[in-house]
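The values are calculated or read from the model by the stated rules, or taken from the named source; none is laboratory data. Since this is a predicted model, take the numbers as computed values, not measurements. Every residue, glycine among them, receives a Cβ derived from its backbone with ideal geometry; neighbour counts consider all protein chains shown.
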Amino acid sequence: MYIVMLGAPGSGKGTAAKILAKKTNLPHISTGDMFREQIKKGTELGKLAESYMSNGKLVPDEVTIGIVKDRLNSDDTKEGVILDGFPRTKMQAEALDEILKEQGKKVDIVPELIIPDDVIVDRILNRQTCSNKECGAIYNTKYKPSKVAGVCDVCGAPLSSRTDDNEETIKNRLEVYRENSKDLIEYYKEKGVLTQITPKDPTAENASEQAVEEILSAKL
Ligand SMILES: [Zn+2]
């Protein structure tokens, strides 16, 4: 099962992808993790990616696609994957189709998480993360507060709520996402694999779990 997760920044796409990975036993492949892995291994692609990233530049398509191809040729991805953060453009989606076609495979389902803008704004503005990096638990003062204010339920470390965002920057980012993903979403719609996922209560603590249940009952 080859799954491509789509969703705006702040939609909880990454969290849903992780939960889905656990439930399906498929590897969760995020672009960030793939880049870090290649850089750590010191591969040519890793070095290339690093040279762009350290200059604050976007990694060009051919490098990203090369890294994805390498990952999709690993043993643990033969049964399927959950892709998170790739493809970002129609061109990348076509490249992904090519890579899978060579293996006699295809993208099976593309869940797109639909969360109302005001919920995304609230999620980001009220987010708190555990300052203990080993723990990394995430809270939300509005939707998922810790039992004791400012203290992590899991490990007792203080919570930090640093955000450089305000409502306007978040809404701008959502606009940019919509503009940039239009062709990509259309591409998957035409292929008949796009499934829009709308959790019944997107403000609930378990909104990501709800989304995953919807994905599982949609097509898998
Ligand atoms: Zn913690």
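Assorted remarks:
- Filter result for ALA49 (crowded, with 19+ Cβ neighbours inside 10 Å, out of contact with any strand residue (DSSP E or B) (no Cβ under 6 Å at 6 or more places or on another chain) and either of a type in the set (Gly, Ala, Ser) or not in a helix (DSSP H, G or I) (or both)): yes
- Hey, GLU205 in contact with a Lys or Arg (Cβ under 7 Å, 6 or more places away or on another chain) and more than 16 Å from the ligand (Cβ to nearest atom) or not: yes
- Selection within segment 138-153 - of a type outside the set (Ser, Thr, Tyr), farther than 15 Å from GLY12 by Cβ and surrounded by 12 or more Cβ atoms within 10 Å (Cβ to Cβ): PRO145, GLY150, VAL151, CYS152, ASP153
- Any chance GLU213 is surrounded by fewer than 12 Cβ atoms within 10 Å (Cβ to Cβ), without any contact (Cβ under 8 Å) to a residue 60 or more places away in the chain, of a type outside the set (S, T, N, Q) and closer than 26 Å to TYR2 by Cβ: no
- The residues on offer are ASP75, ASP97, ASP122, ASP118, and the sole one that is surrounded by 19 or more Cβ atoms within 10 Å (Cβ to Cβ) and over 17 Å from the mean Cα position of the chain (by Cα) is ASP122.
- Pairs with Cβ under 8 Å, 6+ apart, first in segment 142-171 and within 17 Å of ASN206 (Cβ to Cβ) and of a type in the set (D, E, K, R), second surrounded by fewer than 13 Cβ atoms within 10 Å (Cβ to Cβ) and at pLDDT 90 or above: ASP153/LYS147
- Test: residue in segment 190-202 that is at pLDDT below 90 and either surrounded by 12 or more Cβ atoms within 10 Å (Cβ to Cβ) or in a helix (DSSP H, G or I) (or both): yes
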